[in-house]
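I have placed the structure first, in the form of structure tokens, so that the comments after it can refer back to it.
What follows is calculated from the coordinates using simple rules that are stated; it is not laboratory data. All values derive from a computational prediction rather than experimental measurement. Here Cβ is always computed from backbone atoms with ideal geometry, including for glycine, and neighbour counts include all displayed protein chains.
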């Protein structure tokens with residue numbers, strides 16, 4: 001896996017990108033500070049360090065693949081990537097690369113958070129569908145909708161079964177999953193998935 005997806009970890013307070021092509025040939029493996037990649041992107045084609053520019057381009061392509069595979073909605077893939085790319089690491093990558101020279105990586109890291117860390121917990125219905133019309137007086141309707149929304153919210157507290165929790169512990173990913181769950185619940189409360197749904201809806205034809 002590490003031969004395809006560069007590992008990113010924090011070492012002495014700095015984000016380091018580990019690119020591995022072949023374990024037995026150290027010359028083909030690279031540990032590059034993310035800040036150096038940012039600098040390379042800022043210089044553009046004017047840089048003389050073509051090798052580092054190539055590695056930087058590969059990092060972007062790898063994250064495109066990370067996000068593309070998320071469309072499979074495969075539980076094991078989500079678990080693997082949540083462990084491989086922890087939430088805090090992706091958030092810091094997205095924050096560090098917001099400048100115009102490297103905004104593509106910032107967007108890809110943010111997408112990985114949304115499409116992997118958050119989609120792992122996404123429920124089919126976020127709240128009572130506005131499209132459903134109920135016949136009755138307003139107090140009855142409001143109470144029914146409120147009760148339904150409470151029921152949906154309560155699902156989040158029991159979203160992960162004991163069996164699945166045991167699997168997460170065996171895979172040593174429980175801590176990262178729970179961090180993502182807390183962040184997802186906070187984002188969900190702010191209408192995060194509603195905004196995402198609106199973005200995905202096709203524009204009306206004129």
### Query
What ranking do 77-89, 161-173, 108-120 get when scored by the average of other Cβ atoms within 10 Å per residue, highest first?
108-120, 77-89, 161-173
### Task
Within 10 Å of each residue's Cβ, count the other Cβ atoms and sort 101, 138 from fewest upward.
138, 101
